[in-house]
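Remarks on the structure that follows.
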């Protein structure tokens, strides 16, 4: 009965998070919430924000990725834009995790963009 009630009272955000987590596991990716500093990982999720930030006279593109369990910031040094790295796009990234300010980051990761969904283009 408790499971039934829990399923009925889930918010849309909770359902989306569960879907994203399932997608990440299906892709064979690591769960962001369990990624450890210093280890190479593969993460899969949706880009929530893209920001251009200067770091010591070098342009830096940052993308926050959410997989349903947590978020990670992907950072590309020396880049102002990467074609296809846009809010709402699904991405799989591979690299080594660092946590300079307590939240996970990955510098210059290799990545693969997933095809944009038909609904997102409308």
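So, in region 71-81, how many residues would count as being surrounded by 15 or more Cβ atoms within 10 Å (Cβ to Cβ) and free of Cβ contacts under 8 Å to residues at least 24 places away in the same chain?
Adding up the residues that qualify gives 1.
Against the definition (within 12 Å of the chain's Cα centre (by Cα), at pLDDT below 95, outside any strand (DSSP E or B) and surrounded by fewer than 19 Cβ atoms within 10 Å (Cβ to Cβ)), how does residue 68 come out, yes or no?
No; evaluated as a whole, the condition is false for this residue.
Can you list residue pairs whose Cβ atoms sit under 7 Å apart, with the first residue in region 83-103 being over 15 Å from residue 32 (Cα atoms) and the second being at pLDDT 95 or above and surrounded by fewer than 12 Cβ atoms within 10 Å (Cβ to Cβ)? Count only pairs 6 or more apart in sequence or on different chains.
Listed by first residue and then by second, the contacts come to nothing, as the list is empty.
Residues checked against (1) exposed (fewer than 11 other Cβ atoms within 10 Å of the Cβ); (2) under 18 Å from residue 84 (Cα atoms); (3) at pLDDT below 90; (4) touching a helix residue (DSSP H, G or I) at 6+ places or on another chain (Cβ under 7 Å):
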site	(1), (2), (3), (4)
4	yes, no, yes, no
9	yes, no, yes, no
24	no, no, yes, no
38	yes, no, no, no
44	no, yes, no, yes
57	yes, no, yes, no
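Quick check on my filter: what residues within region 76-97 are over 21 Å from residue 116 (Cβ atoms) and either assigned to a loop (DSSP other than H, G, I, E, B) or at pLDDT below 95 (or both)?
77, 78, 80
Just to be sure I understand, how many residues within region 24-34 are within 12 Å of the chain's Cα centre (by Cα) and touching a residue at least 24 places away in the same chain (Cβ under 8 Å)?
Final tally of qualifying residues: 5.
Please enumerate the residues belonging to region 46-55 that are surrounded by fewer than 18 Cβ atoms within 10 Å (Cβ to Cβ) and within 12 Å of the chain's Cα centre (by Cα).
48, 49, 50
The values are calculated or read from the model by the stated rules, or taken from the named source; none is laboratory data. Every value quoted in this text rests on a predicted model; they were computed, and no experiment measured them. Note that we place each Cβ from the backbone using ideal geometry, even for glycine, and neighbour counts take in every protein chain shown.
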